[in-house]
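The values are calculated or read from the model by the stated rules, or taken from the named source; none is laboratory data. This is a predicted model, so every value here is computed, not measured. For neighbour counting, all protein chains shown are included, and Cβ atoms are generated from backbone atoms with ideal geometry for every residue, glycine included. Ligands, DNA and RNA are stripped out before the accessible areas are found, and what is left, the full protein with its side chains, is counted by its heavy atoms. Shrake-Rupley method; radii C 1.70, N 1.55, O 1.52, S 1.80 Å.
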Amino acid sequence: MNGDRYDDDLDDLDPHDPYDDDLSGEEDRGEEDRGDEEFDAQILEEELRQAAAVLDPVPAELQQIAVDAFALHDLDAHVAELTFDSLVDALPVRGLTDVPRMLTFRAGEVTVDVEVTAQGLMGQVLPPQPARIEVLGGPRPGSPLMADDLGRFTGDAPPTGPFALRLRTGGDVVVTEWLRA
């Protein structure tokens, strides 16, 4: 018997009630019963959503981050995969402090080498070509950086927190993976 029932009288059980134990011996319920179950599941889901919103609401900051991340989503962009990160892949050198972080991203034929320091960004797009580069760090991109004919670019502001780069080269858009500065 279901633990939600307080009535121990078996004569009061409805064989068509999905919350009662199946005492009728019927294997298949009718279409009408399945519709009731689906309807009950929808009501239950809505009640659970409302309870979660009251008891464990999504923090406003997290909700804003999710909205901002969706706003930055670019469906036509190629995602550049991180292929080298000096924090992970390079051998540490004894005695050196404040070592710049070296990053390499690749998307198809385009490679982006980036050096991140306390003074800002410096990098190169390969094969060498002019590009417009945006440092993404929130809903509004920072001031755009321009890569020259050799693909070189610099920026005076170091990224803070999570960041990504969006490159516009000719007709292509390339977005790097998100990293923490």
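General observations
- Residues of the stretch 17-67 that turn out to be surrounded by 10 or more Cβ atoms within 10 Å (Cβ to Cβ), small (Gly, Ala, Ser), more than 28 Å from the chain's Cα centre (by Cα) and at pLDDT below 85, as a count: 3
- Among residues of the stretch 81-134, those that are open to solvent by 70 Å² or more (accessible area, probe 1.4 Å), within 27 Å of the chain's Cα centre (by Cα) and among the charged types (D, E, K, R), counted: 5
- For residue 143: the one exception among (1) open to solvent by 50 Å² or more (accessible area, probe 1.4 Å); (2) more than 26 Å from the chain's Cα centre (by Cα); (3) small (Gly, Ala, Ser): (2)
- Residues in the stretch 146-177 that are open to solvent by 20 Å² or more (accessible area, probe 1.4 Å), without any contact (Cβ under 8 Å) to a residue 40 or more places away in the chain and not hydroxyl-bearing (Ser, Thr, Tyr): 146, 148, 149, 150, 152, 156, 157, 161, 162, 168, 171.
- When residue 161 is tested against (1) more than 19 Å from residue 82 (Cβ to Cβ); (2) out of contact with any strand residue (DSSP E or B) (no Cβ under 6 Å at 6 or more places or on another chain), exactly one condition is not met: (1).
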